Amino acid sequence: MKFNEIAQIILVIIVLAFSASFKNLINFPFVCIFLAIIFIVNIGAKKLMAYYLQSGVETKIWNFQRFGLYERSHFKKPIPIGIILPFLIAILSLGNVTWFASTQSEITASRARVAKRHGIYRFSEMTESSMGIIVAAGIFACLILAILAYIVGFPEISKLAILFAAFNMLPLGHLDGTKIFFGSIVLWAVMAILCLIGLGYVFFLV
């Protein structure tokens, strides 16, 4: 991982931890640790899947730049909405709502990417389907983490992992949910159902 990628992830963890512990900041350090575990699992799963598909994936703060259909309809510099939105929602809701979707995944094909096991020709472009599979691996890993955390007696990690997965399934902007949605609507629907089942646990069973 590059230094810039690590720095952005740490910043996002701090912002999300502040938002999630807004009503009780004494929990801030614990939430930071829990979120760090979730990010390690999420990013690790995406990088493993990207490696298998002979590509690379970099996690960055979710940026917003284009606001219209016309070429001129964009800001001169990207707005780091991934760290602005959680702050605003936490403050406006007085800590009752936490926004967990704050990162985007940039996927590039490696120079050595070949498709011998998938065919007899060489290709270097990443398809939407491949990108969807890569980021879906991260979402699925979070759901598995949630199950394991619940089994071993860490319900807080379980809840945070489910919320993180569910928010990142939203097909908005450059979030992972958008890549899954355009990569395979069937895969997106399956993952969305799994997240909804998890949310049922968070909101109704806990």
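Residues in the range 18-29 that are more than 16 Å from residue 88 (Cβ to Cβ) and either part of a helix (DSSP H, G or I) or aromatic (Phe, Trp, Tyr) (or both): 5 in all. Summed over the range 152-165, residues that are surrounded by 17 or more Cβ atoms within 10 Å (Cβ to Cβ) and more than 9 Å from the chain's Cα centre (by Cα) total 8. Would you confirm whether or not the range 177-198 contains a residue that is at pLDDT 90 or above, in contact with a strand residue (DSSP E or B) (Cβ under 6 Å, 6 or more places away or on another chain) and either not in a helix (DSSP H, G or I) or not charged (D, E, K, R) (or both)? No, the conditions are met nowhere in the range 177-198.
Report yes if some residue within the range 3-10 is over 25 Å from residue 144 (Cβ atoms), loosely packed, with under 12 Cβ neighbours inside 10 Å and at pLDDT below 90; otherwise report no. Within the range 3-10 (the criterion being over 25 Å from residue 144 (Cβ atoms), loosely packed, with under 12 Cβ neighbours inside 10 Å and at pLDDT below 90), the answer is yes, since at least one residue qualifies.
With respect to (1) modelled with pLDDT under 90; (2) surrounded by fewer than 17 Cβ atoms within 10 Å (Cβ to Cβ); (3) under 23 Å from the mean Cα position of the chain (by Cα), the lone exception for residue 119 is condition (3). Within the range 42-66, the set of residues being surrounded by fewer than 19 Cβ atoms within 10 Å (Cβ to Cβ) and in a helix (DSSP H, G or I) comprises 44, 48, 51, 52.
The values are calculated or read from the model by the stated rules, or taken from the named source; none is laboratory data. Note that the structure is a prediction, hence the values are computed from the model and not measured. Heads up, the Cβs are rebuilt from the backbone with ideal geometry, glycines too, and the neighbour counts pull from every protein chain shown.
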